[in-house]
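Asker: The structure under discussion is supplied below as structure tokens; questions concerning it will follow.
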Amino acid sequence: MTRVVGYAPGAYDLFHIGHLNLLRHAAEQCDHLVAGVVSDEMLVLTKGRAPVIPLAERMEIVRSLRLVDEVHAEVLPDKVDTWRQVGFDVIFKGDDWRGTEKGRRLERDFAAVGVEVRYFPYTVHTSSTALRRALLALEAGAARDHRGGVLAGDGRR
């Protein structure tokens, strides 16, 4: 019997239900799930911004999930190079990648080495980007309130 090793890469920054959904779906479709936690440096390189939560802490959060069998720090920009290190049979991505240039490139590159790309529904209502925006808005409101603005909806300072 063949053991299927799955790989679920992600930033896993500001861990939320979308991350959990991806890992839950991935765990259902493989025998051994490796979660690839993208390094701070790779996030700056690929997304142009550092994560809120540092790599070691993001790895510990993901490692603590029963769904995950192994955690890998993803430090290479090319997912095929990561495959050479980890040795997975299937890679899992959110379906926001499906049909995009980066998704087609991922499919093409992995087809060449016999790895299947499987997509799962992207959790639209929650994302790390939305959470980051909400935090910035809260910080801006707190700074405004600190300067003497209204603190509560009832008009108290």
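Asker: May I ask you to list the aspartates and glutamates whose Cα is less than 12 Å away from that of residue 79, ignoring any residue fewer than eight positions away on the same chain?
Answerer: 107, 109
Asker: Would you mind giving the average projected area, over all directions, of the Cα convex hull of the stretch 1-117 in nm² with one decimal?
Answerer: Computing the convex hull of the Cα atoms and averaging its projections yields 7.1 nm².
Asker: So, one more: Excluding residues on the same chain fewer than 8 positions from residue 102, give the aspartates and glutamates whose Cα lies under 19 Å from its Cα.
Answerer: 74, 78, 81, 116
Asker: Right, another one. At 0.36 nm per residue, and after removing the present C-alpha to C-alpha distance, how many nm does the segment from residue 49 to residue 75 gain when stretched out fully?
Answerer: 7.8 nm is the gain from fully extending residue 49 to residue 75.
Asker: Considering every pair of different Cα atoms, what Kirkwood radius, in Å, is found for the stretch 1-68?
Answerer: About 12.5 Å, per the Kirkwood formula over Cα pairs.
We did not get these values from a lab; they are worked out from the coordinates using the rules stated. Please read all numbers here as calculations on a predicted model, not as lab measurements.
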